[in-house]
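*Asks:* Can you keep this structure in mind? I'll have questions shortly.
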Amino acid sequence: MSYTPHTAADIQAMLAVIGAESVEQLIADIPSQVRLAGPLAVPPAMSEPELVRKLRELASSNLDVDSTLCFLGAGLYDHFTPAVVDALTSRGEFATAYTPYQPEMSQGVLQAIYEYQSLVGLLTDMPLANASMYDAATGLAEACLMACEIAGRSVVAVSDAVHPRYRLVLETYLRTSDCTLVTVPSQGGLTDPDAVRLAAEAGAACLAFQSPSFFGVVEDSESLIAATKAAGLVSVVAVDPVSLGLLEPPGTFGADIVVGEGQGLGVPMGFGGPLLGFFACRLEHQRRFPGRIVGATVDKEGRRGYTMTLRTREQDIRREKATSNICTNQALMALAATVHLCALGREGLRQVSDLCLQKSHYAADQLCLNARCTPAFDAPFFKEFSIRCPAPPERINEALASQGMIGGYPLGRDYPALGDCMLVCVTETKTRADIDRFVDATRQIVETM
Amino acid sequence: MAPEPLIFEQGSAGRRSARLPECDVPVRDASELLAGRRLRKRLDLPEVSELDVVRHFTRLSHMNYSIDTGIYPLGSCTMKYNPKVNELCARLPGFARLHPLQPESTVQGALQVLFEIQSMLAQVAGMAAATVQPSAGAHGELLSLMIVREYHLSRGEPLRQVVLIPDSAHGTNPASAARCGFKVKAIPADARGLTDVAALARAAGPDTAAVMLTNPNTLGLFESDISQICRIVHDAGGLVYCDGANMNALLGLTRPGDMGFDVMHFNLHKTFSTPHGGGGPGCGAIAVGAALEPFLPVPVVTCGSDGAYSLCFDRPQSVGAVHSFYGAFLVALRAYAYMLTLGPEGLRNVAEMAVLNANYVRARLRGLFDIPQDRACMHEVVISATRQKNENGVRALDISKRLMDYGIHPPTNYFPLIVPEALMIEPTETESREALDVLCEALASIARECSETPEVVKGAPHTTAVSRMDETAAVRNLDVRWRPAGV
């Protein structure tokens with residue numbers, strides 16, 4: 001199977017126009033000593049039906065979340081996505097277009113990105129959002145590097161209640177940028193109220209925290225941001241956009257940079273990618289802002305239109321002096337989030353947020369009442385909660401798996417002191433019967449351990 | 001085409017689209033559950049019907065050019081056809097509906113896909129191992145340079161802080177090097193349009209961390225001295241990085257590892273046909289030689305002697321991680337489906353037909369435009385509008401815009417920087433001879449217009465939804481989001 005349209009006659013006719021004897025003659029610049037002697041050692045070609053059969057077989061060897069009951073979150077979430085999202089993002093006009101360098105032929109994606117930036121701005125209460133980053137982890141890393149530039153310092157302070165994987169990516173980015181990372185402790189699932197003082201004493205440019213935190217706990221963002229500003233540090237906040245249907249956003253509290261994972265807004269979990277990092281900042285930081293930005297303007301005839309703007313920060317113009325090396329964005333994921341938020345609308349997002357809040361609290365209460373679990377922390381949570389189990393979480397999960405269920409994330413993997421704790425996620429996709437089944441199975445498992 | 005109002009300017013207060021089930025657990029007061037946290041007072045999201053949403057985004061899609069619409073000869077971007085069966089594969093629930101933290105025993109098929117695509121990429125690269133963790137070409141560059149840095153540090157050579165980059169390189173190369181803490185030194189091109197080997201030999205030394213080279217280079221020419229270049233850099237103690245943006249020209253013909261490269265990135269969204277999505281998602285997978293394999297990011301997918309796949313985090317020399325999880329799995333999956341479809345002969349055919357198409361365009365445009373390097377090229381050809389500029393005051397930008405009136409997306413313009421008034425044309429292998437003829441005839445017609453009616457070209461485009469944008473006003477009156485009245 002091949003996607004090249006050339007017939008033998010086409011090839012001969014084209015070679016005649018070129019004035020070459022053979023295609024071989026055209027690639028004569030490749031020295032013979034580096035030419036591949038035989039065919040590439042990759043599997044032989046497949047027809048479309050053979051391919052589909054093979055991929056279906058591979059897919060069916062996985063246990064997808066529709067065939068089980070899955071209570072994992074920890075950074076990626078199973079939220080309901082209206083069918084209209086895939087229907088519109090599948091359109092070839094969006095899916096098979098390139099970065100909109102030519103605005104006259106790209107108004108569709110440009111306007112969609114402008115609407116996406118507006119939605120991020122509305123959700124986070126920030127004035128300026130970019131046309132997306134790869135994911136929350138890299139978004140947070142870019143935000144902290146930007147904070148170092150703003151503050152003129154090279155130390156980043158991060159709360160240890162931030163997703164461990166985000167912190168690993170942050171550490172990886174900082175190490176090659178001659179910046180250092182200081183991790184400030186959390187207490188009771190929340191960033192230590194003393195974190196700002198510790199960060200300031202370490203000479204940090206910024207304090208980065210996440211709300212809801214990795215433990216599911218809703219931070220006191222208002223106080224943390226106020227203290228960070230008072231200490232002269234840049235505030236960097238990672239948020240779950242779905243929680244902003246209910247909670248006052250960090251922008252309202254004066255955050256400098258807001259980032260987060262947009263996957264929960266209509267992007268498939270897809271075994272972890274592609275994802276959607278969103279990124280917003282205050283206007284005064286616009287010159288240090290990474291990534292693409294779309295602005296509204298007018299054309300020669302005065303008609304409203306959209307174009308990429310503030311381009312002088314970017315790598316194709318500034319080369320080694322650019323604010324970031326990023327040149328792509330996650331436009332199709334940003335489009336999915338845009339359609340998703342439009343389809344949900346004001347009431348829909350509120351309802352999703354409220355269902356997450358109600359159902360996760362119901363599940364936590366039931367686990368405590370019936371399955372001898374206790375809350376790991378005494379703090380408010382949104383759709384995930386950390387719970388102390390009467391048996392090792394890994395063993396509970398093994399037993400759940402034999403009943404076709406996937407339990408929560410064992411926190412001991414990243415926090416040895418929380419070896420008996422599990423991070424359980426309950427979104428609006430779970431019914432009361434699902435939760436009861438999970439609680440009942442957990443009860444039976446812990447009773448026999 | 002009528003302008004499309006913003007979605008915020010449509011709808012009506014109280015209108016709803018998606019409906020969710022009523023709450024089936026006892027409802028408690030949110031302010032009690034979230035005690036001590038401020039609840040949101042105002043949320044200005046659109047209030048529209050589902051049909052409003054469908055019509056809005058369908059109309060927007062009509063204002064967008066795409067591969068599905070027509071030929072997209074954007075040099076360096078490899079805008080080839082994106083097969084539909086790959087979309088079907090990526091939507092199978094057994095892939096799309098997997099959580100990345102599920103027990104390994106429940107995701108063996110997904111891990112097998114990762115393991116096999118990485119093996120296939122390593123094979124195409126002629127290198128020891130690969131990872132699909134980076135999410136874009138620039139991300140792959142960054143990860144590669146992180147690995148280069150760790151490699152030199154591990155050998156006790158912290159002073160290797162210079163990265164040599166040809167002046168024809170993509171802007172991401174110097175930006176990635178700078179982001180990684182390296183100093184950038186530019187290497188000029190010689191009269192052949194290739195890397196000046198003598199200049200490179202003079203620049204390479206004890207401070208050289210790496211050379212970043214695009215092969216074929218951005219002029220569409222194969223760097224035929226590549227083995228010598230790699231030898232010079234290796235003798236100086238540096239590493240050689242291949243920017244794989246132009247890998248489409250090499251598939252099955254030659255492998256960067258065999259040329260002497262130590263590390264490279266692929267753009268799965270170019271070479272392996274995954275949709276560009278209007279600028280993303282991409283996947284900037286990298287491949288490394290054996291000496292750099294210990295530095296790959298975690299986790300690494302391994303296959304045990306029992307045939308079971310697992311994720312290995314225990315890699316003491318790893319640089320760390322550059323993604324929240326394992327990279328853009330569903331993008332890698334599409335590339336996997338593509339490679340399985342083509343097989344070894346099909347992959348080689350991609351490169352050969354890409355080269356044939358570019359040379360056909362070069363031959364047909366000869367005499368109409370200046371062609372700075374008018375000899376056999378690889379997958380793309382760079383022409384110049386210098387003649388049109390000097391004789392008629394028409395610039396490469398004008399020609400690009402005029403092409404839109406012929407219903408064709410323009411080539412990349414003003415790149416590479418070393419060619420004045422550059423128009424960089426990459427037809428890709430999936431375009432037929434007839435499609436190339438339409439492109440060439442449009443360019444021939446525009447070349448005539450440049451001398452006969454230059455004002456028509458300079459005022460283009462005339463037929464698109466909007467004409468040229470006021471970029472200056474966009475910066476001066478920065479408007480980057482809609483705001484509700486009173487906010």
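*Asks:* With the structure loaded, tell me whether B:LEU39 is within 7 Å of another protein chain (Cβ to nearest Cβ), open to solvent by less than 20 Å² (accessible area, probe 1.4 Å) and of a type outside the set (Val, Ile, Thr) or whether it fails that test. Steps first, please.
*Replies:* Values: within 7 Å of another protein chain (Cβ to nearest Cβ): yes; open to solvent by less than 20 Å² (accessible area, probe 1.4 Å): no; of a type outside the set (Val, Ile, Thr): yes.
Considered against the rule, which asks whether it is within 7 Å of another protein chain (Cβ to nearest Cβ), open to solvent by less than 20 Å² (accessible area, probe 1.4 Å) and of a type outside the set (Val, Ile, Thr), B:LEU39 comes out as no.
*Asks:* Could you tell me how many of the residues in the stretch A:416-437 are crowded, with 18+ Cβ neighbours inside 10 Å, assigned to a loop (DSSP other than H, G, I, E, B) and under 27 Å from the mean Cα position of the chain (by Cα)?
*Replies:* Matching residues across the stretch A:416-437 total 5.
*Asks:* Related question: Among the strands (runs of 3 or more DSSP E) confined wholly to the stretch B:182-289, which include 2 or more residues that are touching a residue at least 40 places away in the same chain (Cβ under 8 Å) and among the β-branched types (Val, Ile, Thr)? Talk me through it step by step, then tell me what you get.
*Replies:* Working: elements: B:183-187, B:208-214, B:239-243, B:263-265, B:286-288.
It comes to B:208-214, B:286-288.
*Asks:* Related question: Can you confirm whether A:LEU69 is facing another protein chain (nearest Cβ under 7 Å) and either in contact (Cβ under 8 Å) with a residue 40 or more places away in the chain or crowded, with 20+ Cβ neighbours inside 10 Å (or both)?
*Replies:* So A:LEU69 fails the test.
*Asks:* If you don't mind, there's one more thing I want to ask. Report, by residue number, each residue of the stretch B:359-381 that is open to solvent by 10 Å² or more (accessible area, probe 1.4 Å) and of a type in the set (Val, Ile, Thr).
*Replies:* Answer for the stretch B:359-381, where residues must be open to solvent by 10 Å² or more (accessible area, probe 1.4 Å) and of a type in the set (Val, Ile, Thr): just B:ILE371.
Yes/no matrix, rows are residues, columns are (1) within 14 Å of another protein chain (Cβ to nearest Cβ); (2) open to solvent by 10 Å² or more (accessible area, probe 1.4 Å); (3) not in a helix (DSSP H, G or I):
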| site | (1), (2), (3) |
| --- | --- |
| A:ALA199 | no, no, no |
| A:LYS229 | no, yes, no |
| A:GLY232 | no, yes, yes |
| A:SER243 | yes, no, no |
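*Asks:* Test B:LYS80 against the criterion of being more than 7 Å from chain A (Cβ to nearest Cβ), of a type in the set (Lys, Arg) and crowded, with 22+ Cβ neighbours inside 10 Å, and give yes or no.
*Replies:* Working: more than 7 Å from chain A (Cβ to nearest Cβ): yes; of a type in the set (Lys, Arg): yes; crowded, with 22+ Cβ neighbours inside 10 Å: yes.
Answer is yes for this residue.
*Asks:* With the requirement that a residue be under 29 Å from B:ALA90 (Cα atoms), facing chain B (nearest Cβ under 7 Å) and in contact (Cβ under 8 Å) with a residue 24 or more places away in the chain, what does the stretch A:98-118 give you?
*Replies:* If the condition is that a residue be under 29 Å from B:ALA90 (Cα atoms), facing chain B (nearest Cβ under 7 Å) and in contact (Cβ under 8 Å) with a residue 24 or more places away in the chain, then A:THR99, A:PRO100, A:GLN107, A:VAL109, A:GLN111, A:ALA112, A:GLU115, A:GLN117 are the ones that fit.
*Asks:* Consider the stretch B:365-405. How many of its residues are of a type outside the set (Asp, Glu) and within 12 Å of another protein chain (Cβ to nearest Cβ)?
*Replies:* Initially, the stretch B:365-405 is screened for residues of a type outside the set (Asp, Glu), giving B:365-369, B:371-373, B:375-379, B:381-390, B:392-397, B:399-404.
Keeping just the survivors that are within 12 Å of another protein chain (Cβ to nearest Cβ) gives B:365-366, B:373, B:375-379, B:381, B:397, B:400-404.
The total comes to 15.
*Asks:* More than 7 Å from chain A (Cβ to nearest Cβ), surrounded by fewer than 19 Cβ atoms within 10 Å (Cβ to Cβ) and of a type in the set (Phe, Trp, Tyr): which single residue out of B:PHE115, B:PHE182 fits that description?
*Replies:* Result: B:PHE115 is the single residue among B:PHE115, B:PHE182 that is more than 7 Å from chain A (Cβ to nearest Cβ), surrounded by fewer than 19 Cβ atoms within 10 Å (Cβ to Cβ) and of a type in the set (Phe, Trp, Tyr).
*Asks:* Also, I was wondering about something else. Only residues in the stretch B:372-400 that are in contact (Cβ under 8 Å) with a residue 40 or more places away in the chain and part of a helix (DSSP H, G or I) count as the first member; pair them with residues that are of a type in the set (S, T, N, Q) and surrounded by fewer than 20 Cβ atoms within 10 Å (Cβ to Cβ), Cβ under 6 angstrom, at least 6 apart or cross-chain, and list the lot.
*Replies:* Short answer, once both residue conditions are applied: B:ASN392/B:SER451.
*Asks:* What's the total number of residues in the stretch A:128-171 that are among the polar types (S, T, N, Q) and surrounded by fewer than 24 Cβ atoms within 10 Å (Cβ to Cβ)?
*Replies:* First, the residues of the stretch A:128-171 that are among the polar types (S, T, N, Q): A:130, A:132, A:138, A:154, A:159.
Okay, now just the ones that are also surrounded by fewer than 24 Cβ atoms within 10 Å (Cβ to Cβ), so A:154.
Looking only at that region, the number is 1.
*Asks:* From the set of residues in the stretch A:273-307 that are more than 7 Å from chain B (Cβ to nearest Cβ), closer than 16 Å to A:ALA238 by Cα and assigned to a loop (DSSP other than H, G, I, E, B), which is least open to solvent (accessible area, probe 1.4 Å)?
*Replies:* Among residues in the stretch A:273-307 that are more than 7 Å from chain B (Cβ to nearest Cβ), closer than 16 Å to A:ALA238 by Cα and assigned to a loop (DSSP other than H, G, I, E, B), the one least open to solvent (accessible area, probe 1.4 Å) is A:LEU276.
*Asks:* Follow-up question, since we're still on this one. Restricting to the stretch A:172-184, name every residue that is within 9 Å of chain B (Cβ to nearest Cβ) and either within 15 Å of A:ALA147 (Cα to Cα) or part of a strand (DSSP E or B) (or both).
*Replies:* Looking only at the stretch A:172-184, we keep the residues that are within 9 Å of chain B (Cβ to nearest Cβ), and these are A:172-173, A:175-178.
The answer is A:TYR173, A:SER177, A:ASP178.
*Asks:* Next question, about the same structure. Given the criteria of a type outside the set (Val, Ile, Thr), over 26 Å from B:SER168 (Cβ atoms) and open to solvent by less than 10 Å² (accessible area, probe 1.4 Å), does B:SER451 qualify? Break it down into steps so the answer makes sense when it comes.
*Replies:* On the way: of a type outside the set (Val, Ile, Thr): yes; over 26 Å from B:SER168 (Cβ atoms): yes; open to solvent by less than 10 Å² (accessible area, probe 1.4 Å): no.
Here the answer is no, as B:SER451 does not meet what is asked.
The values are calculated or read from the model by the stated rules, or taken from the named source; none is laboratory data. Keep in mind it's a predicted model, so treat the numbers as computed, not measured. A quick note on method: Cβ atoms are made from the backbone with ideal geometry, for glycine too, and the neighbour counts reach across all protein chains shown. When the accessible area is computed, the model is the full protein with side chains, heavy atoms only, and any ligands, DNA or RNA have been set aside. Shrake-Rupley method; radii C 1.70, N 1.55, O 1.52, S 1.80 Å.
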